[in-house]
1. Given a Förster distance of 60 angstrom, what is the FRET efficiency for residue 6 paired with residue 449, based on the Cβ-Cβ distance and rounded to 0.05?
2. Amide H to amide H, which residues 5 or more places from residue 407 or on other chains are under 5 Å from it, using H placed in the peptide plane?
3. In this model, which of 123/250; 357/429; 201/284; 297/357; 123/201 are farther than 28 Å apart at the alpha-carbon?
4. Stretched out fully, how many nm does the piece from residue 170 to residue 277 gain, at 0.36 nm a residue minus the Cα gap?
5. Counting only DSSP beta bridges with both residues in segment 342-449, tell me the antiparallel percent, nearest 5.
6. Would you mind checking segment 351-389 for residues with the amide N under 11 Å from a putative spin-label position 7 Å along Cα→C-beta of residue 331?
7. Along segment 297-304, what does the Karplus equation 6.51 cos²θ - 1.76 cosθ + 1.60 (θ = phi - 60°) give for ³J(HN,Hα), rounded to whole Hz, x for Gly and Pro?
8. For segment 169-179, in order, what is each residue's ³J(HN,Hα) by Karplus, 6.51 cos²θ - 1.76 cosθ + 1.60 with θ = phi - 60°, in whole Hz (x at glycine and Pro)?
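What follows draws every value from the coordinates through simple rules; no lab data is involved. Source: prediction; values computed, not measured. Here Cβ is always computed from backbone atoms with ideal geometry, including for glycine, and neighbour counts include all displayed protein chains.
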Amino acid sequence: MKNKETIFVCNNCGNEFSKWMGQCSSCGEWNSLKEVSAKFLGNSKTKNQTKIINRVEGKLEVKNLANLHQDFGVAMENVGTFSTGISEFNRVLGKGIVQGSAVLFAGEPGIGKSTLLTQLVGKIGGLYVAGEESAEQIGLRVKRLGLNPNNFDILGTNSIDELEDFLNRTQNVYKIAVVDSIQVMSSENTSGVIGSVSQIKESAFRLIQMAKKFGIAIFIVGHVTKDGDIAGPKLLEHMVDTVLYFEGEKNGDLRILRTSKNRFGPTDEVGVFKMEEKGLREIKSEEINLIENGESKIGSAITVVMEGTRPMMLEIQALVIESFAPMPKRIFAGIDYNRGQLITAIAQKSLGIPLYKYDVFISVTGGIKIEETAADLAVLAAIWSSYKNLPLTPPLTKGGESKSLPVYIGEVSLLGEVKKVRNWEKRQKEATGLGRKVVEMKNVRALLH
Ligand code: TYD
Ligand code: MG
């Protein structure tokens, strides 16, 4: 008999079902339903949310858009925005922080979310709602980062209700508030334990209401939970105005701030930072090149990828060795697994490398994840170099051999044709500027000569 105490929750959209399905009938995601106990879930969502809407907005009222200007005394195109004081952060947000907006700031535990948001508050001053750490711990971080303690008001609470009371009393004092993190906030208005789906959704809903009501930009920290865990930031993406992801390889020190949703600005910009002893340092375009100059190494190929609107030179390394396993290994770090498989297959067919009996390992420097096909050719070239046990040679020029080290840019088709990619000129300029030369080829077979 079915246990009434458990229920199935979609990890993607948060909808609840009484029985398991392979595909969520609400959002269409596959394999996203997880069994949870009713205690973890809470059940008073709808009733309470109606209550809150009434409380926050008073009586229901309809506003005609034409009157909005007079009503609020603000020009629509002029909703207040202000600078973060950190130019890489501004770049990602577009115009800066939008007054009264709710920003989800997501990332894996330990990646540096609290560090960057502490730096943000240090620059412009604001409220830091500390649910995870004590005021002392934050004080230590502020000191370590060399920030001005006067800029920090720390509210140590896990209660959304307390926070709302506090903001009610301190109206118009703060321009920004950081809530660190959503996973430890809860409200008496709903059931479910801290960190449960119902508490997280209720807390986020209330924070968004507060952002609008008090005109405070609220940065909501959300830990990206392990694959398969429910109650991660994904649940909240559709509710907030802006979703930022802070990413990077934990062992490396490079961090990338990416927008995955932005109601007020671009979604294709990224901010680049380096985690250092004294916090996150902005990396300017000129510094973004991750390559040490030197000679070509066996199994290494250089490419230029676009991070937002900026070109970035990267090294791809390949290790191709004879396999003694029944199924040769394919281990790819920094490139998509399926894309890697495809390039391995193309290498076998177009370059004639018998990869079916070789293990292939690929990695990308700096812990960067490449999400575009422009690096295909470099991956292929690195595989070729490792297999042949020869470094890639500088491209030939009319007058003889060129001294510039080679750079490989291009998407590779199933037939081995090399296609030009977007922002070609920008990438080429970056490579040339750093004393290298882009190898032009129409087909990957050109590597054989
Ligand atoms: P943190 O911001 O606490 O991560 P999150 O809030 O995303 O969980 O960052 C934690 C890591 O950053 C920790 O391993 C120490 C490191 N760190 C530095 O290297 N330099 C610094 O100045 C700070 C504050 C942290
Ligand atoms: Mg933290």
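1. The formula returns an efficiency of 0.40 here.
2. Hits under the 5 Å cutoff: 437, 438, 439.
3. Check vs 28 Å cut-off fails for 357/429; 201/284; 123/201.
4. 35.0 nm
5. Of all bridge pairs located within segment 342-449, approximately 60 percent are antiparallel.
6. 360-363
7. Karplus-based 3J(HN,Hα) across segment 297-304 equals 10, 5, x, 10, 9, 9, 9, 10 Hz.
8. So the J values, rounded to whole Hz, are 7, 10, 3, 6, 7, 10, 8, 9, 9, 10, 10.
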